[in-house]
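Quick note: the coordinates plus some simple rules give every number you see, no bench work behind them. Computed from a prediction, not measured in an experiment: that's the story for all the values here. Using ideal geometry, Cβ is built from the backbone for each residue, glycine included, and neighbour counts are taken over all protein chains shown.
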Amino acid sequence: QVQLVESGGGSVQAGGSLRLSCAASGYTISSYYMAWFRQAPGKEREGVATIAEGGMTDYADSVKGRFTISRDNAKNTVYLQMNSLKPEDTGMYYCAAAPYGYGLENPNSWSFWGQGTQVTVSS
């Protein structure tokens, strides 16, 4: 059974860092595109970062230079390192997977989703 489980969220002050993890089971992430999305209260879900099977990455303009997505195929896990966090980064962060690279702009096209992990950044 395919399952994605996020962890690592929490509450931090502005300027702090968090590392999110997404552990996959039921399939191997080496053959999938992986992504992180987030949704703040009152806003639509937005793409944060994607990573292809070969390791090529893409980031939303709002997080470039601060966030880093990576994957460890041996552990079947994808990570999101978040540095220099801002209050506007607050939201529920979701891990997603798909057999094709649908990109940050097409959240509805991604096949599998985790339950989410909350990130709260205070000023």
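Cross-link partners among aspartates and glutamates for LYS43, C-alpha distance below 19 Å, same-chain residues fewer than 8 apart left out?
Those aspartates and glutamates meeting the cut-off are ASP61, GLU88, ASP89, GLU105.
Would you tally the net charge around GLY103, using a Cβ to Cβ cut-off of less than 13 Å, leaving GLY103 out, and scoring K and R as +1, D and E as -1? List each step's numbers first, then the result.
Working: positive: none; negative: GLU46, ASP58, GLU105.
Surrounding charge for GLY103 is -3.
Please express the shape of the stretch 2-118 as an equivalent ellipsoid: the semi-axes are the square roots of 5 times the eigenvalues of the C-alpha gyration tensor, given largest first in whole angstrom. Show your work: numbers first, answer last.
Details: eigenvalues 89, 43, 36 Å².
Whole-Å semi-axes of the equivalent ellipsoid: 21, 15, 13.
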